[in-house]
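The structure appears below as structure tokens.
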2 protein chains.
Amino acid sequence: MTIHQTPSRLVTIADVAREAGVGESTVSRVLRGQGSFSKRAGERVLEAADRLGYVPNRLAGSLAGNADSAGSQLVGVVIPSLTNIVFPDLLRGLTGALDGAGFQSVVGVSDYDPDREEALVAGLLSWRPAALVLTGLEHTELTVTRLRAAGIRIVEMIDTDGPGLDIAVGFSNRAVGHASARHLIGRGYRRIAYVGHDLGRDLRAAKRLAGFEAALAESGLALHARELVGDRSSAASGRAALEALMARVPDTDAVYFSNDDMALGGYFACLGRGWAVPERLALFGCHALDITEAMPQPLSTMRTPRLAIGRAAAEALSAGSPPGTIDLGFELSEGATA
Amino acid sequence: MTIHQTPSRLVTIADVAREAGVGESTVSRVLRGQGSFSKRAGERVLEAADRLGYVPNRLAGSLAGNADSAGSQLVGVVIPSLTNIVFPDLLRGLTGALDGAGFQSVVGVSDYDPDREEALVAGLLSWRPAALVLTGLEHTELTVTRLRAAGIRIVEMIDTDGPGLDIAVGFSNRAVGHASARHLIGRGYRRIAYVGHDLGRDLRAAKRLAGFEAALAESGLALHARELVGDRSSAASGRAALEALMARVPDTDAVYFSNDDMALGGYFACLGRGWAVPERLALFGCHALDITEAMPQPLSTMRTPRLAIGRAAAEALSAGSPPGTIDLGFELSEGATA
DNA sequence: TCGCGCTTTGGCAGCGCTGCCAAGAATTTC
DNA sequence: GAAATTCTTGGCAGCGCTGCCAAAGCGCGA
């Protein structure tokens, strides 16, 4: 092994062409396996490229390529959070499938802030991505304008309760909330409370609650109580919120949580206080996180197809699906807590 | 609002120059706030850019810019997993700080596979990133060769047990394992078992175990038993593995888990079986995930500075820190399970 | 009014790559 | 054997931007 000096200039296609004794275009064709070239040329180029340690410069490639529209093979992704495991799951499905199709993901985290999303979208667009994948259907006016002007494919993940900009992949959060309430009502619970995190920011959770309350109303019921924590969704918040709720409204017989991690915290509160679940208090979550399946009593929750959403988003993009909504549904995970 | 046709050609700097009645260079200077230009020119350019909805093309910018080395403002990131919350945490710290410094992250997930990492690194390098951020110190030979040849800054996160390529930010996994064992020994446990996931892939977990066993050996002890699941780390795996272990070696008095989520699964197993924690069985985890702090008995574990590692990585890059290792340490989270 | 030094400005050559085109080589057809 | 067809190939323009340079504009003292 030789001492390696940082080369003053990286190897370019011209270097490879010289080394292989062919023209630049030939190198380009061989390296992309496109167009026609002789076997001999192919071998020489590949050999030369290896010998020089050539790494193509996609920046240049994308710039030169089809300059009209989607130049690059980058896909911009904006998710609201990495804390809530829901979004890493989405990301996993997305990047997994995107990788397979030869795309790279540029990721931004908006922290549930529309203005932050706006800034991220602007930044991402400057890389001339082939497409942009966002979370949710709500965006600032400027964001929408920019997205329209960019003339690229847009995917909005996780929410199908409303018109999308281009392709929407997800499920109806309203329907999830509605079905959750139906389940609790069916089980005979009547004094049902809600425990959630900041609704102003997490609009999907707000939609679930709206669907939930609608179902209650259909049965002549109303939310027995609600306890909101300003914080982001977490087990600790769920635990604290449930304890606060029960101190305030002790005759509550079931609780609907904004999220499984909140519900897990609630379960911990019950364990700590010795409240029998579901006899004393029933718990119902959302999303069916892996963790809640390992609980002594598996959590009653709604399984949402997070991985599949990410994958479907990627597939819709690489397949060039027409605009529209792809509803992947959800499924009751019966569990043993409600 | 007018009907918006996808423009056949996106607005370029030349369009802005024409609209503003100035030269291209002036537009470039104004837009980047670099070099000198008159107030008047500045205003006209900004106005024109807004009017046309100009979005700079960073592809072109990076290509033209300082072509010698770190052209772009992209930073490549490779993490092994998004399932294990440890990595989203790293990513969060990283992207947060990187955003602040004007970088965008291109993310790849290697799934703990060195060959996959190799492919991802090759792919990321083709975007001529300003730097690359990897996880762990172990890479294929070809990966190392390519990284060296790229002549860019490299950060390796989370592991400081060995020589890094450039900048390493993290903590000593060996030391974590060692300290965990010291704690258990100090508490009087002697029949200590290990429950973990696939060690061949998660090399950091393997290093922790090595440190753990070394500490045991220093006290004249050895691992009482070990139970490995081929699966990835999860609460369900932890639960199943602990039950299998206890069926096999029932006199175990403490268990060291590869990870907090495995430990949480173990805790659930204890709850289900009615094993008193820590009297019948002590549990010790790793990483101090948020969730485990909300448990009725907080998990005894090691708090690792995941967010800080991501942040420190970003800062080392933007500050142009010299090569070397940044050890952020770790901290015992005493909890109540061991 | 002129000349000097400073600020401001526009033109132009690339950055590395791909698409297009036309020329040359190889192959086939009659 | 000549013409027609196909396959290979290299040259060159240009993607949108920035850096460099020289020219133009400006302020001010002599």
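The values are calculated or read from the model by the stated rules, or taken from the named source; none is laboratory data. None of these values were measured; they are calculated from a predicted model. All Cβ positions, even for glycine, are placed from backbone atoms using ideal geometry, and neighbour counts span all protein chains on display. Side chains are part of the model used for accessible areas, which takes the heavy atoms of the whole protein and leaves out ligands, DNA and RNA. Shrake-Rupley method; radii C 1.70, N 1.55, O 1.52, S 1.80 Å.
A few points about this structure:
- Boolean, A:His183 is of a type outside the set (A, V, I, L, M) and farther than 30 Å from A:Val78 by Cα: yes
- Screening the candidates B:Ser318, B:Ser233 for the property of being assigned to a loop (DSSP other than H, G, I, E, B) and in contact (Cβ under 8 Å) with a residue 40 or more places away in the chain yields one hit, B:Ser233.
- Evaluating B:Val277 against the criteria (1) under 24 Å from B:His197 (Cα atoms); (2) assigned to a loop (DSSP other than H, G, I, E, B); (3) open to solvent by 30 Å² or more (accessible area, probe 1.4 Å) leaves one unmet condition, (3).
- Count of residues meeting criterion [free of Cβ contacts under 8 Å to residues at least 60 places away in the same chain and closer than 22 Å to B:Gly186 by Cβ] in the stretch B:280-292: 6
- Only one of the listed residues (A:Leu59, A:Leu63) is at the interface with chain B (Cβ under 8 Å from one of its Cβ atoms) and open to solvent by 50 Å² or more (accessible area, probe 1.4 Å). That residue is A:Leu63.
- The stretch A:250-265: number of residues that are among the small types (Gly, Ala, Ser) and within 12 Å of another protein chain (Cβ to nearest Cβ): 2
- Boolean, B:Gly230 is at pLDDT below 95, surrounded by fewer than 18 Cβ atoms within 10 Å (Cβ to Cβ) and in the same structural domain as B:Thr292 (by TED's automatic domain parsing): yes
- Members of the stretch B:27-48 that are more than 9 Å from DNA strand D (Cβ to nearest atom) and either closer than 15 Å to B:Ala14 by Cα or surrounded by 12 or more Cβ atoms within 10 Å (Cβ to Cβ) (or both): B:Val30, B:Phe37, B:Ala41, B:Gly42, B:Glu43, B:Arg44, B:Val45, B:Leu46, B:Glu47, B:Ala48
- Test: residue in the stretch B:79-101 that is within 9 Å of chain A (Cβ to nearest Cβ), of a type outside the set (Lys, Arg), free of Cβ contacts under 8 Å to residues at least 12 places away in the same chain and surrounded by fewer than 23 Cβ atoms within 10 Å (Cβ to Cβ): yes
- Residue in the stretch A:177-188 that is surrounded by the most Cβ atoms within 10 Å (Cβ to Cβ), counting only those that are among the aliphatic types (A, V, I, L, M) and in contact (Cβ under 8 Å) with a residue 40 or more places away in the chain: A:Ala181
- In the stretch A:282-294, the qualifying residues are those that are crowded, with 24+ Cβ neighbours inside 10 Å, more than 19 Å from the chain's Cα centre (by Cα) and not small (Gly, Ala, Ser), and the one that is farthest from the other protein chains (Cβ to nearest Cβ) is A:Phe284.
- The stretch A:132-176, subset in contact (Cβ under 8 Å) with a residue 60 or more places away in the chain and part of a helix (DSSP H, G or I), residue farthest from the other protein chains (Cβ to nearest Cβ): A:Ala175
- When the residues of the stretch A:314-335 are filtered to those that are of a type in the set (Ser, Thr, Tyr) and within 22 Å of A:Leu137 (Cβ to Cβ), the one that is modelled with the lowest pLDDT is A:Ser321.
- Residues (in contact with a Leu (Cβ under 9 Å, 6 or more places away or on another chain) and in contact (Cβ under 8 Å) with a residue 40 or more places away in the chain) located in the stretch B:241-260: B:Ala241, B:Leu242, B:Thr252, B:Asp253, B:Ala254, B:Val255, B:Tyr256, B:Phe257, B:Ser258, B:Asn259, B:Asp260
- Each residue in the stretch A:29-56 was checked for being within 14 Å of chain B (Cβ to nearest Cβ), near DNA strand C (Cβ under 9 Å from one of its atoms) and among the small types (Gly, Ala, Ser), and 0 pass.
- When A:Leu52 is tested against the conditions (1) open to solvent by 50 Å² or more (accessible area, probe 1.4 Å); (2) within 12 Å of DNA strand D (Cβ to nearest atom), the lone failure is (2).
- Counting only residues that are under 25 Å from A:Gly102 (Cα atoms) and surrounded by fewer than 21 Cβ atoms within 10 Å (Cβ to Cβ), the stretch A:131-148 holds 2 of them.
- Contacts under 7 angstrom Cβ, first residue in the stretch B:266-279 being more than 9 Å from every other protein chain (Cβ to nearest Cβ), partner of a type in the set (Ser, Thr, Tyr), 6 or more apart: B:Tyr267/B:Thr337; B:Val277/B:Tyr267; B:Val277/B:Thr337; B:Pro278/B:Thr337
- Residue check for B:Gly71: in contact with a helix residue (DSSP H, G or I) (Cβ under 9 Å, 6 or more places away or on another chain), within 14 Å of chain A (Cβ to nearest Cβ), within 13 Å of DNA strand C (Cβ to nearest atom) and at pLDDT below 90: yes
- A:Val109, sole failed condition from (1) open to solvent by 10 Å² or more (accessible area, probe 1.4 Å); (2) at pLDDT 90 or above; (3) within 16 Å of DNA strand C (Cβ to nearest atom): (3)
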